[in-house]
Amino acid sequence: MEAPDARRQDARPGSVEAVWAGIEVCRRCDLWRCGNGVAGEGPAHARLMFVGEQPGDQEEQAKRPFIGPSGKILDKALQEAGVPRSETFVTNAVKHFKHLPRGKRRLHKTPDAGEVVACRWWLDAERRIIRPRVIVALGATAALSVFGKATPIGRFRQQALQLPDQAQGVVTYHPSYLLRVPDAEAKRRAYAMFVDDLRFAWKLAT
Ligand code: URA
């Protein structure tokens, strides 16, 4: 039997393919029990990287990031902002879908700080491989992972924040937050800010 540490994979992955292969056998935290791992996708040297929280139900099944309800909002906003998704690299802070089974449904559960830190190994690998000019953190969990500390979105959005790896960091809302804003006018405003933030990030990257 394999020793538990054998799949911690301390050798740094050097390609997106190696990240995918590594995530499939990752045991850095317990979330591997939750189903398929989902690494990032996009061109190898995209100028802009998006980092979400974790794959959702549909993403876990399809093994692709941001293809479910949040992905639809992201796609719509990207289109309005004039940002071609095909030229960006889209990934997540945590590569597995943490959830609670509820009958036939799987309810999203926010990853804890330990899981975010454990999975940073993979996000850092993607950052080293892609070397984007700009990294956009979508929501608080992504911001925690990208900046290594809490980075409140309301205070820091629309700013270029210097990251140690030469990239600039940008924070904005998570698309699923836009789905949850209860008041229609507040929802419209939040969505407009989101589109502005995507435009801001793309300008910074190009
Ligand atoms: N939410 C995320 O943060 N990432 C996805 O890939 C899908 C939903």
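The values are calculated or read from the model by the stated rules, or taken from the named source; none is laboratory data. Bear in mind that the values here come from a model prediction, so they are computed numbers and not experimental data. Cβ coordinates were reconstructed from backbone atoms using ideal geometry, including for glycine residues, and neighbour counts include every protein chain displayed. The area values use the complete protein model at the heavy-atom level, side chains included, leaving out ligands, DNA and RNA. Shrake-Rupley method; radii C 1.70, N 1.55, O 1.52, S 1.80 Å.
Some observations on this one:
- Stokes-Einstein diffusion coefficient of the chain, Kirkwood radius over Cα pairs, 20 °C, 1.002 mPa s, in µm²/s: 125 µm²/s
- If both residues of a DSSP beta bridge must be in the stretch 6-205, then about 35% of such bridges are antiparallel.
- Ranking 151, 206 from most to least accessible surface, computed with a 1.4 Å probe over the protein chains only, gives 206, 151.
- When +1 charges are put on Lys and Arg Cβ atoms and -1 charges on Asp and Glu Cβ atoms, the dipole computed for the chain relative to its Cα centre reaches about 340 debye.
- The stretch 74-206: relative contact order as a whole-number percent, Cα under 8 Å and 6+ apart: 26 percent
- Residues whose amide H lies under 5 Å from that of residue 136, counting only those 5 or more places away or on a different chain, are 49, 50, 51, 170; hydrogens are built 1.01 Å from N in the peptide plane.
- Charged side chains reduced to their Cβ positions (Lys and Arg at +1, Asp and Glu at -1) give the stretch 1-96 a dipole of some 80 debye around its Cα centre.
- Chymotrypsin sites (Phe, Trp or Tyr not before Pro) within the stretch 121-206, DSSP loop, no more than 10 other Cβ atoms inside 10 Å: none
- Taking Lys and Arg as +1 and Asp and Glu as -1, the other residues whose beta-carbon sits under 15 Å from that of residue 143 total +3.
- Distant-in-sequence amide contacts of residue 106, defined by a placed amide H-H separation under 5 Å and a gap of 5 or more residues or a different chain, comprise nothing.
- Area accessible to solvent at residue 47, 1.4 Å probe radius, in Å²: 90 Å²
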